[in-house]
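K.L.:
Encoded as structure tokens, here's the structure I'll be asking about.
The values are calculated or read from the model by the stated rules, or taken from the named source; none is laboratory data. What you are looking at is a predicted structure, and each value in this text was computed from that prediction instead of being measured. Neighbour counts run over all protein chains shown; Cβ positions are idealised from the backbone, glycine included. In case anyone asks, the SASA skips ligands and DNA or RNA and just uses the protein heavy atoms, side chains included. Shrake-Rupley method; radii C 1.70, N 1.55, O 1.52, S 1.80 Å.
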Amino acid sequence: MSAFAAPPPEEEWTGRYRNYDIVKEFFTALLVVTLLSVGLAVAFSSPDERPVTIAGWARADAKDFVAAAIMELNHTSEVAQYGPPYTHTPSAAQKVGPVDLQSIPGVRIPIDTAQAFVIQPLRSTTTTDPSLSAAIDQYTGASTSQQGAWTDAYSKALDKVTISAGTINVPAGDYGPVATMIQHLLSMAQGGGLDGALLTTKQFYQTDYTKPILFVSGGSYFEDRAAAEHLTGEQWGMMNETGNYPGQAWLWLYTFWYQIAPFKNSGNADAEIWVIMMVLTLVLILVPFIPGVRSIPTKIPLYRLIWRDYYKDVEGPD
């Protein structure tokens, strides 16, 4: 019998009827489900961790903040060397073979790390501190080699730096205006002013967190927090919420590739895995058009086992 045969005719109900209050049933079910959802959320929901801020970072690990600020100032941080969409560094581009995928969109969010993370935020406070204004003018007016000499000297002294009550105690050396600038930047960060300064944009709503995120990623504090919450790539972090709680399980196919060779050790892993996922997605879309693959259901009729009751009704006994 054909699979498209008409189903058997429906029989009219001849039993008893009774009234049913569907409104009462709805509100009873709504109340039960609401209480159950709230109770389970309280008992088993994942923790709501406080967001990481630059102020929190500067207070919790001031020395790490200072080290990151120096790298941003002398353009040696990961962000400064990243390449598109932030900088024009060609050696940092993500490539697949000869194709430079990372550089195709271009530098859409240009960031000079020294200006964006140190000099511009400090300039917003110079009206109340002439000595800081003089230090910034001295630094920006110096040659690139002189700026590098000051920041290199400060970087080499970091191992001997101590910080007490927000004051940086650095060994004597030729740091030029850098010591003054970094001290003011730390004070600004610990007071919460740097978070606001990095959020200031020309748009009406200040919701662009690109600069704060890039800056905080330059130190080890952010990564250490992520590792403690099982959120790094080696811990399948994209599939976790904070803590060791399961999150977006549907991302397993994407995160899987980062756990195996050669991708887990590849500097181009992001681009390579993106290409793999695009190919797999294209294959999935084209399944109805791929000879052999599209015929699998007719050769292996597993669907008939799943819908056996339906086929039993429409086809009748064999």
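K.L.:
I need the full set of residues from the stretch 194-211 which are open to solvent by 40 Å² or more (accessible area, probe 1.4 Å) and acidic (Asp, Glu), in order please.
P.N.:
Matches in the stretch 194-211: 208 only.
K.L.:
Given the conditions (1) buried (at least 18 other Cβ atoms within 10 Å of the Cβ); (2) of a type outside the set (Lys, Arg); (3) in contact with a Pro (Cβ under 7 Å, 6 or more places away or on another chain), report the number of the one that residue 85 does not fulfil.
P.N.:
(1)
K.L.:
Additional query: Quick check on the stretch 57-74. Is at least one of its residues in contact (Cβ under 8 Å) with a residue 12 or more places away in the chain, closer than 30 Å to residue 267 by Cβ, in a loop (DSSP other than H, G, I, E, B) and not hydrophobic (A, V, I, L, M, F, W, C)? Reasoning before the result, please.
P.N.:
Restricting attention to the stretch 57-74, the residues satisfying the condition of being in contact (Cβ under 8 Å) with a residue 12 or more places away in the chain are 57-74.
Checking the rest, the ones that are also closer than 30 Å to residue 267 by Cβ come to 57, 61, 63-74.
Next, from what is left, pick out any that are in a loop (DSSP other than H, G, I, E, B): 61, 74.
From what's left, not hydrophobic (A, V, I, L, M, F, W, C): 61, 74.
Yes, the conditions are met somewhere in the stretch 57-74.
K.L.:
For the stretch 29-80, name all the residues that are over 22 Å from the mean Cα position of the chain (by Cα), over 18 Å from residue 189 (Cβ atoms) and of a type in the set (Gly, Ala, Ser).
P.N.:
29, 37, 39, 41, 43
K.L.:
Kindly list the number of the only condition in (1) at pLDDT below 95; (2) among the hydroxyl-bearing types (Ser, Thr, Tyr); (3) in contact with a helix residue (DSSP H, G or I) (Cβ under 9 Å, 6 or more places away or on another chain) that fails for residue 151.
P.N.:
Against the list (1) at pLDDT below 95; (2) among the hydroxyl-bearing types (Ser, Thr, Tyr); (3) in contact with a helix residue (DSSP H, G or I) (Cβ under 9 Å, 6 or more places away or on another chain), residue 151 comes up short only on (1).
K.L.:
Sort out which residues of the stretch 268-296 are touching a residue at least 60 places away in the same chain (Cβ under 8 Å) and of a type outside the set (A, V, I, L, M, F, W, C), and write them in order of number. First the steps, then the outcome.
P.N.:
Step one: of the stretch 268-296, the residues touching a residue at least 60 places away in the same chain (Cβ under 8 Å) are 268, 270-272, 274-275.
Scanning the stretch 268-296 gives 268, 270, 272.
K.L.:
Here's a follow-up. When residues of the stretch 284-313 are filtered for being open to solvent by less than 70 Å² (accessible area, probe 1.4 Å) and under 28 Å from residue 9 (Cβ atoms), how many remain?
P.N.:
2
K.L.:
Within the stretch 264-286, count every residue that is modelled with pLDDT of 90 or more and either in a loop (DSSP other than H, G, I, E, B) or farther than 20 Å from residue 251 by Cα (or both).
P.N.:
1
K.L.:
Which of the residues spanning the stretch 214-266 are under 21 Å from residue 65 (Cβ atoms) and in contact (Cβ under 8 Å) with a residue 40 or more places away in the chain?
P.N.:
Of everything in the stretch 214-266, those that are under 21 Å from residue 65 (Cβ atoms) and in contact (Cβ under 8 Å) with a residue 40 or more places away in the chain turn out to be 214, 215, 216, 217, 218, 219, 220, 221, 222, 225, 229.
K.L.:
Out of 97, 106, 83, I need the residue that is at positive phi and over 22 Å from the mean Cα position of the chain (by Cα). Which one?
P.N.:
97
K.L.:
With 294, 304 as the choices, which residue is among the charged types (D, E, K, R) and outside any helix (DSSP H, G or I)?
P.N.:
294
For (1) crowded, with 19+ Cβ neighbours inside 10 Å; (2) closer than 15 Å to residue 211 by Cα, each residue gets a yes or a no:
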| residue | (1), (2) |
| --- | --- |
| 45 | no, no |
| 55 | no, yes |
| 60 | no, no |
| 64 | no, no |
| 90 | no, no |
| 94 | yes, no |
| 100 | no, no |
| 116 | yes, yes |
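K.L.:
Would you point out which residue out of 233, 316 is of a type outside the set (Phe, Trp, Tyr), on the phi > 0 side of the Ramachandran plot and open to solvent by less than 90 Å² (accessible area, probe 1.4 Å)?
P.N.:
Criteria check complete, one pass: 316.
K.L.:
Could you please tell me which pairs satisfy a Cβ distance under 6 Å, a separation of 6+ or placement on different chains, a first residue in the stretch 175-196 that is more than 16 Å from residue 165 (Cβ to Cβ) and of a type in the set (Gly, Ala, Ser), and a second residue that is open to solvent by less than 30 Å² (accessible area, probe 1.4 Å) and at pLDDT below 95?
P.N.:
Cβ pairs passing all conditions: none.
K.L.:
When you scan the stretch 137-144, do you find a residue that is part of a loop (DSSP other than H, G, I, E, B), farther than 27 Å from residue 276 by Cβ and either of a type in the set (Lys, Arg) or at pLDDT 90 or above (or both), even just one? Quick ask: steps written out before the conclusion?
P.N.:
Step one: filter the stretch 137-144 for residues part of a loop (DSSP other than H, G, I, E, B), giving 142-143.
Next, from what is left, pick out any that are farther than 27 Å from residue 276 by Cβ: 142-143.
Subsequent filtering for residues that are either of a type in the set (Lys, Arg) or at pLDDT 90 or above (or both) retains 142-143.
Scanning the stretch 137-144 turns up at least one residue that is part of a loop (DSSP other than H, G, I, E, B), farther than 27 Å from residue 276 by Cβ and either of a type in the set (Lys, Arg) or at pLDDT 90 or above (or both).
K.L.:
So, one more: Evaluate the stretch 265-276: report whether one residue or more is of a type in the set (Phe, Trp, Tyr), under 20 Å from residue 99 (Cα atoms) and open to solvent by 70 Å² or more (accessible area, probe 1.4 Å). Explain how you work it out, then say what you get.
P.N.:
At the first step, the residues of the stretch 265-276 found to be of a type in the set (Phe, Trp, Tyr) are 274.
Subset that is under 20 Å from residue 99 (Cα atoms): 274.
In the following step, the residues that additionally are open to solvent by 70 Å² or more (accessible area, probe 1.4 Å) were identified as 274.
Within the stretch 265-276 (the criterion being of a type in the set (Phe, Trp, Tyr), under 20 Å from residue 99 (Cα atoms) and open to solvent by 70 Å² or more (accessible area, probe 1.4 Å)), the answer is yes, since at least one residue qualifies.
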